Amino acid sequence: MLPLVLLSVFGIVNLFLGFLRSNRVLMPFVLVVLALVFGLNLLDWNHAGSITGLFDSPYISQMLTVDNYSVAFSGIVLLTALVLLPFSRSYVAAGEPNLAEYYSLLLFSLVGAIMMVSYNHLIMLFVGIEILSISMYCLAGSDKRNVRSNEAALKYFLQGAFATGILLFGMALLYGATGTFQLSELAAAIAAPANQTLQPMLYVGVLMMVIGIGFKVSAAPFHFWTPDVYEGTPTFFTAFMSTVVKTAGFAAFLKLLVVALPAASPVWLPTIAAMCVLTLLLGNIGAAVQSSAKRMLAYSSVSHAGYLLLGLVAGQGKLSGPAAQGIFFYSLAYSIATVAAFGVLKLVADQRQREDYAGLAGLGRTNPLLAFVLTVAMLSLGGIPLTGGFFGKFFIFTAVAPVNIWLVVFAVVMSMVGIYYYLRPVIAMYLRPAEPGVPQTPIVVDSFQSITLVILAALTLILGILPGFLSGLL
């Protein structure tokens with residue numbers, strides 16, 4: 001799997017580039033690497049197979065697979081990283097001495113994300129989660145002079161360690177009940193009549209794995225770390241965390257439930273449904289009462305985990321079914337809009353030193369482009385028609401409706417709550433007067449960042465106008 005190899009190698013090469021003590025070469029290098037890996041990933045489309053050629057060992061072969069499902073979700077995480085990178089220009093301009101390390105950690109985290117969407121063996125799932133998580137622990141505390149960043153890293157690490165322990169215990173119980181970590185063999189062993197005597201061990205293992213992965217994707221009631229960690233982490237890395245981690249987490253979650261645990265659905269299906277309701281409720285209500293735009297986006301990320309959990313409820317089929325299609329489209333639309341929102345917020349926070357709604361006041365007059373892009377992003381996250389977010393919700397709802405119509409009704413009600421808090425930044429930008437002490441000079445945006453913002457807004461609108469272009473991709 002060439003993308004994994006290249007990301008690993010270039011991540012190490014980038015560390016050596018840091019010895020040049022010149023940040024100007026780092027961003028172009030990483031951009032070229034990401035563009036190259038993204039293109040090579042697309043070349044694997046319709047070339048399904050397992051990773052057997054790299055190693056001649058029965059213990060390693062068949063642990064990772066390349067198929068359209070893995071290529072599609074790998075494409076989302078690589079594209080997200082590619083369009084997010086221009087918003088790290090402030091680190092370049094400030095001469096950040098650790099920039100090479102930051103970029104390398106991002107490349108290594110993408111290795112973990114790709115492993116999570118390509119795994120065919122529970123050990124590979126665990127390795128992918130840990131590579132991604134450890135990189136995020138480090139990046140959450142990257143602003144060492146900021147107490148909030150240190151607090152975010154400590155909370156994320158400690159709670160993540162507990163969640164990892166629960167996940168591993170669940171894997172051990174599954175292995176004890178079935179004797180295998182291979183996904184297809186797990187499915188056959190769980191469905192076998194001879195396994196009925198081990199059902200208690202099996203079901204506890206399934207629930208513990210659901211809890212462990214639920215933490216990684218910010219699903220309630222395992223979401224308590226999310227607002228504080230997102231708020232304390234530097235905004236650039238928060239955007240990466242809320243998009244790449246969530247996309248990889250739900251792709252791995254869906255594969256686990258659909259491929260390995262379909263016969264255990266009487267156990268995990270009610271649990272996922274309950275988590276979905278709780279996540280939608282706490283995420284939307286929590287976002288509605290925030291005064292900080294960044295903290296609002298943190299709770300918003302929790303609410304979007306609830307909508308993606310809806311897709312898992314409907315995911316009792318193949319990885320190419322309506323549920324997988326809905327999760328793929330939703331993840332893409334959500335990632336693009338979230339990068340745009342955090343990108344604008346980072347530019348405002350860097351120059352106005354404010355992350356609340358007051359910092360956005362007057363932006364419609366001083367920076368029409370930033371205001372327009374943030375408006376498009378908020379409308380997409382709120383699920384307004386003619387944006388990608390609308391069809392993301394539409395595909396998820398239509399997949400779930402035949403399974404549980406009441407969950408769809410509840411999700412629609414929660415979407416209405418979401419419209420309220422997504423319109424608050426728009427109102428602040430266009431209608432709210434500036435508060436005393438908040439600078440009203442135009443935000444400086446370089447041409448590269450402006451082009452990226454225009455591309456993100458255009459992609460959001462294209463997904464809302466021509467959804468059929470990608471809706472049947474898987």
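Here are some notes:
- Total residues in segment 17-37, condition in a helix (DSSP H, G or I), at pLDDT below 90 and out of contact with any Leu (no Cβ under 8 Å at 6 or more places or on another chain): 3
- Residue in segment 201-208 that is surrounded by fewer than 24 Cβ atoms within 10 Å (Cβ to Cβ), in contact with a helix residue (DSSP H, G or I) (Cβ under 9 Å, 6 or more places away or on another chain) and not in a helix (DSSP H, G or I) present: no
- Scanning segment 447-455 turns up at least one residue that is aromatic (Phe, Trp, Tyr), surrounded by fewer than 18 Cβ atoms within 10 Å (Cβ to Cβ) and touching a residue at least 12 places away in the same chain (Cβ under 8 Å).
- Flag for residue 433 being touching a residue at least 60 places away in the same chain (Cβ under 8 Å) and in contact with a helix residue (DSSP H, G or I) (Cβ under 7 Å, 6 or more places away or on another chain): no
- When segment 381-406 is filtered for residues that are aliphatic (A, V, I, L, M) and either touching a residue at least 40 places away in the same chain (Cβ under 8 Å) or in contact with a Cys (Cβ under 8 Å, 6 or more places away or on another chain) (or both), the ones remaining, listed by number, are 381, 386, 396, 399, 400, 403.
- Residues of segment 38-64 that turn out to be buried (at least 18 other Cβ atoms within 10 Å of the Cβ) and at pLDDT below 75, as a count: 1
- Residues satisfying the stated conditions in segment 353-378, i.e. surrounded by 20 or more Cβ atoms within 10 Å (Cβ to Cβ) and touching a Pro at 6+ places or on another chain (Cβ under 7 Å): 360, 361, 367, 374, 378
- Breaking point among (1) under 11 Å from residue 240 (Cα atoms); (2) free of Cβ contacts under 8 Å to residues at least 24 places away in the same chain, for residue 136: (2)
- Selected residue (criterion: surrounded by the fewest Cβ atoms within 10 Å (Cβ to Cβ)) from residues of segment 65-96 that are assigned to a helix (DSSP H, G or I) and among the hydroxyl-bearing types (Ser, Thr, Tyr): 90
- The single residue among 184, 142 that is assigned to a helix (DSSP H, G or I) and modelled with pLDDT under 90 turns out to be 184.
The values are calculated or read from the model by the stated rules, or taken from the named source; none is laboratory data. Just so we're clear, the structure is a prediction, and the values are computed from it rather than from any experiment. We place every Cβ from the backbone using ideal geometry, glycine too, and count neighbours over all the protein chains shown.
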